Amino acid sequence: MIVIEKVSDGINIKQATDKYIACLLFFKIPVICASLLTFLGFLAVLFGSERNAHGSIITSAIGMFVTTYFICLLPFPIFWLLRMVYYNLIGGRLLNKKYSAILNVEYSKIKQKIETYQKPIIYADYSLAILQCRTTRLGWSKVMAYPNFIAFNGRDFFMTDNIGRMVKFNWDDVRQWSHGTQTGGMLYGGTPSQGINNEIANSQQRVKNAEASGFFVTIRDVNQPKWQFETSDQALQNKWMEIFRQVKDGTLKLQA
């Protein structure tokens, strides 16, 4: 019998999108800085000039704003690259350290739920890295991460999805299974400015590749037939392929 139930409310990761960061670095911050400096300069010139010169002050203010905007814009590509370096080398580890305890609690709840089916877990795999969990973006700075889990207790299989639900199914419910790792779509080379655009596109492509990689199972369920254990780890993919093969050929005997 197929059972689908909610097992996790998720972990809120405050993580801005690349689009928002680009808008912030290349538009919002330069505009705010340029507006502030132009306003201060406008006041200084306004109160220090004669009345008949006020008409030219507005023109000067516009020119000052444009000049200041581009001056403020110059260092931000460097800030963007530094952010990407930080995110790839340090940020991921800090996020995992911050959320590891919460994530362990989520996995403990899933294991306890599986144990209510009165069979001990024989095989189980899950990711302890928060950035390798199943995620759903709910806003520009709100990402919900849900446990990425797969298990087998000798009789039933258990998998989770990207909205905090777990499915329980037995071998009779399995239609087919497969695995795969997506790695394409990355951009390289070009000028320094193209390199920045490439890195923005590549960071988004990495997420898409991760979401398309893993171990996949199709079950006999009309509402949600496809389930995925999301992982780029070839060893884990091969492990679960072999588990399903052994169940099919009878090497791994199903418990009553």
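The values are calculated or read from the model by the stated rules, or taken from the named source; none is laboratory data. None of the values given here were measured: they were computed from a predicted structure. Quick reminder, even Gly has a Cβ in these numbers, built from the backbone with ideal geometry, and neighbours come from all protein chains shown. Areas reflect the complete protein model, heavy atoms only, side chains present, ligands, DNA and RNA absent. Shrake-Rupley method; radii C 1.70, N 1.55, O 1.52, S 1.80 Å.
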query: With r defined as the distance between the Cβ atoms of residue 105 and residue 32 and R0 fixed at 30 Å, what FRET efficiency is calculated, to the nearest 0.05?
result: 0.15
- request: Compute, for residue 233, the solvent-accessible surface of its heavy atoms (probe 1.4 Å) with the complete set of protein chains present, and express it in square angstrom to the nearest 10.
  value: 70
- prompt: How much solvent-accessible surface does residue 248 expose, in Å² to the nearest 10, with a 1.4 Å probe and all protein chains in place?
  reply: 150
Pairs beyond 21 Å (Cα-Cα), from 168/226; 14/109; 14/98; 168/239; 97/226: 14/109; 97/226
field: Full-extension gain in nm, residue 224 to residue 242, via 0.36 nm per residue minus C-alpha separation
entry: 4.1 nm
field: FRET efficiency, 1/(1 + (r/R0)^6) with R0 35 Å, evaluated for residue 183 and residue 249 via beta carbons
entry: 0.70
- request: Order the following by accessible area, largest value first: 1, 241. Probe radius 1.4 Å; ligands, DNA and RNA are ignored.
  value: 1, 241
message: 7 Å from Cα along Cα→Cβ at both residue 85 and residue 235: what's the point-to-point distance in nm?
response: 3.2
Relative packing of 92-100, 206-214, which averages over residues the other C-beta atoms within 10 Å, highest first: 206-214, 92-100
- line: The aspartates and glutamates whose Cα lies under 18 Å from the Cα of residue 248, excluding any fewer than 8 residues away in the same chain, are 156, 172, 173
- prompt: In sequence order, what are the phi-derived ³J(HN,Hα) couplings for the range 154-160 according to the Karplus relation 6.51 cos²θ - 1.76 cosθ + 1.60 with θ = phi - 60°, rounded to whole Hz, with x for glycine and proline?
  reply: x, 10, 10, 9, 9, 9, 10
- prompt: Applying the Karplus parametrisation 6.51 cos²θ - 1.76 cosθ + 1.60 with θ = phi - 60° to the phi angles of the range 232-248, what ³J(HN,Hα) value in whole Hz is obtained for each residue in order, glycine and proline being reported as x?
  reply: 9, 6, 4, 4, 5, 4, 5, 4, 6, 4, 5, 4, 5, 5, 5, 5, 5
message: Order 181, 218, 251 by their accessible area, 1.4 angstrom probe, all chains in place, largest first.
response: 251, 181, 218
field: Using a Förster distance of 45 Å, the FRET efficiency for residue 155-residue 14 (Cβ separation, nearest 0.05)
entry: 0.65
task: May I ask for the net charge around residue 178, where only other residues with Cβ less than 15 Å from the Cβ of residue 178 are counted and Lys, Arg are +1 while Asp, Glu are -1?
output: +3
- request: Pop a pseudo-label 7 angstrom from the Cα along the beta-carbon direction at both residue 22 and residue 129 and give the gap in nm to one decimal.
  value: 2.5
